[in-house]
Each structure stands twice: as structure tokens, then as C-alpha cells.
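Asks: Mind having a look at this structure? Questions to follow.
Every number in this text was worked out from the coordinates using simple rules, so none of it is lab data. Computed from a prediction, not measured in an experiment: that's the story for all the values here. Please note: Cβ atoms are built from the backbone with ideal geometry, for glycine as well, and neighbour counts cover all protein chains shown.
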Amino acid sequence: MADRFKKAKEFFQSEKFEKTREWLETYIKRHPNDAQAFLNLSLVLDSLENATESLKAQRKAFEIDPNCGLGFSENSIVKGDRALTDAEKIALQNALDLVKKGK
């Protein structure tokens, strides 16, 4: 199976965060129920220092699929040599906790 986020990964790994955001937002318009797309978008928004929108994207991902969370699939844009930072792990866990609480 082809990696559906290949272009987004290329942009992200080149630190072209705005291009990554634009690509993911276009993808999400066509695939609004793709939880991984929202998780990827949340990481990009965090890289752009937009914590509020990042949290919204995380919450949307967990609303779509409460199990999508911390075990990133092969479709994560951060797959490879970049590990999640402690802050990213905490942010994802906080978003999951909020969704579980129904907020």
C-alpha cells in the first residue's frame, strides 16, 4: 500500500511546516474521517506554535478514533528517526484524556 502521507512527510521532514499544514488541510477536506490525518495536522500546528489549533486537531482525531493515539502508525509524518518529544507525548495524552471525559 502506498503511503498516503508521503508528500506531507517530505514537507514536514524538510521543516516546511506551512506547506505541510496546507497539504493536510486539503487532504482532510477530502477525507474528513481520517484520524491519522488530524493527528499529523496537530503535530504540524504544534511545530507552527499554534497550541490551540493543535489541541483541536488532536481532539478531533480522538473523537474519530479513540484508539488512534500514542502508537503512531506507519502513516505518521513523524515516523522514522524523529521520536516524539515529551511535550508531544503529553499533549497527545491530554487530548485523549479530554475526549474520554467527553469534553
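Asks: Return the residues of the range 32-59 that are farther than 11 Å from Phe5 by Cβ and outside any helix (DSSP H, G or I); say none if nothing qualifies.
Replies: Pro32, Asn33, Leu48, Glu49, Asn50
Asks: Quick check: is even one residue across the range 9-28 under 20 Å from Arg59 (Cα atoms), of a type outside the set (Gly, Ala, Ser) and not in a helix (DSSP H, G or I)?
Replies: There is no residue in the range 9-28 that is under 20 Å from Arg59 (Cα atoms), of a type outside the set (Gly, Ala, Ser) and not in a helix (DSSP H, G or I).
Asks: Within the set of pairs 6+ apart or on separate chains, which have a first residue in the range 27-41 that is among the hydroxyl-bearing types (Ser, Thr, Tyr), a second that is buried (at least 18 other Cβ atoms within 10 Å of the Cβ), and C-beta atoms under 6 Å apart?
Replies: Pairs found: Tyr27/Ala37.
Asks: Within the range 1-34, can you find the residues that are of a type in the set (Gly, Ala, Ser), over 14 Å from the mean Cα position of the chain (by Cα) and closer than 18 Å to Ser47 by Cβ? Give the derivation first.
Replies: Taking the range 1-34 first, the residues of a type in the set (Gly, Ala, Ser) are 2, 8, 14.
So of that shortlist, the ones also over 14 Å from the mean Cα position of the chain (by Cα) come out as 2, 14.
Within the range 1-34, just Ser14 meets the criteria.
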